[in-house]
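Chemist: Before we start, here is the structure in question, set down as structure tokens.
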Amino acid sequence: MVLLLGVFGATGLSDEVPESLQRPEVLVVAGVLFLCEAVADKIPYVDSAWDAVHTVIRPVSGAVVGALLAGHSGSLPDLAAGAIGGSTALASHAVKAGTRMAVNTSPEPFSNVILSLAEDLGVGGIVTFAMFNPEAAAIIAGSLLLAGLVVLFFLASRIRRFLRRRAQRREEKRLAARTGWPPG
């Protein structure tokens with residue numbers, strides 16, 4: 001997102017991007033981090049480790065970008081924009097990391113690649129759309145975030161139920177082995 005915003009500002013596609021995001025060193029670092037993310041996200045379990053590290057990085061970055069886009073005055077609205085940016089980044093990170101953990105349990109290798117490409121294209125599309133239609137993009141992004149949180153809640157409840165059933169079956173087998181009776 002930072003890379004795309006910086007490129008939009010540096011190429012003149014948007015006048016709304018703060019100068020600090022258009023600096024060459026920021027663009028280079030954002031580009032390198034994007035490439036690292038693009039590779040790490042395609043490898044099962046590496047993506048979860050990457051997401052664990054980014055549990056702090058993404059919300060802080062979201063807060064900084066939110067505050068930068070709001071302005072530089074340090075006023076209450078700027079701070080509120082930073083708080084909204086950070087909390088939105090944390091919520092979207094929770095959705096991303098949670099769905100990745102669920103996808104990592106699938107036996108085939110292609111779901112990680114497909115999900116990662118969909119995420120990359122979706123973020124690029126929403127950021128691009130936001131540069132030209134910010135209100136509509138905010139509604140779409142908010143709807144996607146809400147849908148992702150609902151899916152994450154559904155996945156978490158299903159995973160907890162699966163773990164409880166597995167623990168119950170193990171306990172039944174353990175008790176059956178003690179008593180000599182078959183489980184069931």
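The values are calculated or read from the model by the stated rules, or taken from the named source; none is laboratory data. Note that the coordinates shown come from a computational prediction; the quantities given were computed from them, not determined experimentally. No Cβ is skipped: glycine too gets one built from the backbone with ideal geometry, and neighbour counts run over all protein chains shown. Calculation scope for accessible area: heavy atoms of the full protein, side chains included, ligands and nucleic acids excluded. Shrake-Rupley method; radii C 1.70, N 1.55, O 1.52, S 1.80 Å.
Yes/no per residue for (1) among the polar types (S, T, N, Q); (2) closer than 20 Å to Val2 by Cα; (3) at pLDDT below 85; (4) open to solvent by 30 Å² or more (accessible area, probe 1.4 Å):
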site	(1), (2), (3), (4)
Ile57	no, yes, no, yes
Val60	no, yes, no, yes
Ser73	yes, no, yes, yes
Ala83	no, yes, no, yes
Ala94	no, yes, no, yes
Leu115	no, no, no, yes
Val123	no, yes, no, yes
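Chemist: Pick from region 1-49 the residues that are open to solvent by 20 Å² or more (accessible area, probe 1.4 Å) and polar (S, T, N, Q): which of them is nearest to Ile114 (Cα to Cα)?
Modeler: That would be Ser48.
Chemist: Output the residues belonging to region 132-184 that are open to solvent by 80 Å² or more (accessible area, probe 1.4 Å), within 34 Å of the chain's Cα centre (by Cα) and more than 29 Å from Val103 (Cβ to Cβ).
Modeler: Residues satisfying the conditions are Phe132, Glu135.
Chemist: May I pose another question? Could you check how many residues of region 20-64 are free of Cβ contacts under 8 Å to residues at least 12 places away in the same chain and among the hydroxyl-bearing types (Ser, Thr, Tyr)?
Modeler: 0
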